[in-house]
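Read through the structure below, which is laid out as structure tokens, and then see the notes.
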Amino acid sequence: AQKITQTQPGMFVQEKEAVTLDCTYDTSDQSYGLFWYKQPSSGEMIFLIYQGSYDEQNATEGRYSLNFQKARKSANLVISASQLGDSAMYFCAMREPLMDSSYKLIFGSGTRLLVRP
Amino acid sequence: EAGVAQSPRYKIIEKRQSVAFWCNPISGHATLYWYQQILGQGPKLLIQFQNNGVVDDSQLPKDRFSAERLKGVDSTLKIQPAKLEDSAVYLCASSFPGLAGSEGSYEQYFGPGTRLTVT
């Protein structure tokens with residue numbers, strides 16, 4: 001079964017600096033997908049970025065980029081130029097196949113990021 | 001485009017009482033998910049629907065939890081009777097149907113959640 005591990009319960013970063021949130025995964029599938037979601041204090045999960053296992057380039061979305069190292073099974077999220085509004089919980093997730101070829105998401109335990117002014 | 005709607009946003013009940021949550025997914029999204037998120041943890045999938053059929057309910061405590069998605073649109077999740085350990089945020093999400101081996105993201109869009117407190 002797939003597993004997602006986020007080893008950083010909490011992180012601090014100074015405003016305008018970059019920060020890396022760690023995520024490692026375990027899967028025996030050849031094709032898989034990795035996601036990062038942000039959860040502010042309001043509670044809603046917000047999709048940030050996606051990386052497919054066959055994508056040769058690291059995914060980028062604005063200030064978010066995904067440092068994908070397939071051999072090491074890691075998919076770290078990099079946030080550049082941190083803003084106060086980036087303070088939130090961040091979850092790494094992976095697709096797990098279901099019997100009917102659809103998928104469900106398996107989430108890690110999350111990292112709480114606090115941006116200091 | 002309207003997002004995923006959920007109600008109520010907050011609910012406080014006593015143990016052994018019943019409670020129901022409602023979810024309206026994004027228009028056109030055939031796949032609907034219910035997650036339970038206990039404080040300090042990541043979301044855990046309870047049940048997944050494709051249209052009005054159940055795709056996965058392996059982690060749904062079926063002795064007390066039930067869910068339905070009539071007509072393949074709105075969905076309700078019910079707990080009867082509630083226990084103290086059911087205190088959590090219940091998140092509903094929807095997406096276009098995606099295949100596990102596809103290259104598309106088919107990301108899930110989440111509602112604001114319902115915070116349930118069982119006393």
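The values are calculated or read from the model by the stated rules, or taken from the named source; none is laboratory data. Keep in mind that what you see is a predicted model, and the values were worked out from it rather than measured. Note that each Cβ is placed from the backbone with ideal geometry, even for glycine, and that neighbours are counted across all protein chains shown.
Just one of A:Leu48, A:Leu34, A:Leu114 is aliphatic (A, V, I, L, M) and touching an Asp or Glu at 6+ places or on another chain (Cβ under 7 Å); which is it?
Exactly one residue qualifies, and that residue is A:Leu48.
If we scan segment B:29-44, do we find a residue that is surrounded by 19 or more Cβ atoms within 10 Å (Cβ to Cβ) and free of Cβ contacts under 8 Å to residues at least 24 places away in the same chain?
Yes, segment B:29-44 has at least one match.
Do we find a residue being within 17 Å of A:Ser28 (Cβ to Cβ) and in contact (Cβ under 8 Å) with a residue 12 or more places away in the chain anywhere in segment A:75-88?
Checked segment A:75-88: at least one residue is within 17 Å of A:Ser28 (Cβ to Cβ) and in contact (Cβ under 8 Å) with a residue 12 or more places away in the chain.
What do you reckon, is A:Leu114 part of a strand (DSSP E or B), crowded, with 20+ Cβ neighbours inside 10 Å and among the aliphatic types (A, V, I, L, M)?
When the stated conditions are applied, A:Leu114 does not pass them.
Table: residues versus (1) over 21 Å from A:Met89 (Cβ atoms); (2) touching a Leu at 6+ places or on another chain (Cβ under 9 Å); (3) in contact (Cβ under 8 Å) with a residue 40 or more places away in the chain.
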{"position": "B:Ser18", "(1), (2), (3)": "yes, no, yes"}
{"position": "B:Gln48", "(1), (2), (3)": "yes, yes, no"}
{"position": "B:Glu107", "(1), (2), (3)": "no, no, no"}
{"position": "B:Phe110", "(1), (2), (3)": "no, yes, yes"}
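Could you tell me which of the residues B:Ser95, B:Ser75 is surrounded by 20 or more Cβ atoms within 10 Å (Cβ to Cβ), at pLDDT 95 or above and under 14 Å from the mean Cα position of the chain (by Cα)?
Only one candidate passes the filter, namely B:Ser75.
Answer yes if at least one residue in segment A:2-24 is closer than 23 Å to A:Ala81 by Cα and without any contact (Cβ under 8 Å) to a residue 24 or more places away in the chain, and no otherwise.
yes
With the requirement that a residue be away from chain A (no Cβ under 14 Å) and among the polar types (S, T, N, Q), what does segment B:3-42 give you?
B:Gln17, B:Ser18, B:Asn24, B:Ser27
List the strands (runs of 3 or more DSSP E) inside segment A:1-85, counting only whole elements, that have at least 1 residues being of a type in the set (Val, Ile, Thr), buried (at least 18 other Cβ atoms within 10 Å of the Cβ) and within 11 Å of chain B (Cβ to nearest Cβ).
Here the list reads A:3-5, A:46-52.
Could you list all residues from segment B:6-20 that are among the polar types (S, T, N, Q) and in a strand (DSSP E or B)?
Result: B:Gln6, B:Ser7.
For the subset of segment A:99-111 comprising residues that are crowded, with 16+ Cβ neighbours inside 10 Å and among the aliphatic types (A, V, I, L, M), which member is modelled with the highest pLDDT?
Restricting to residues being crowded, with 16+ Cβ neighbours inside 10 Å and among the aliphatic types (A, V, I, L, M), the top hit is A:Ile106.
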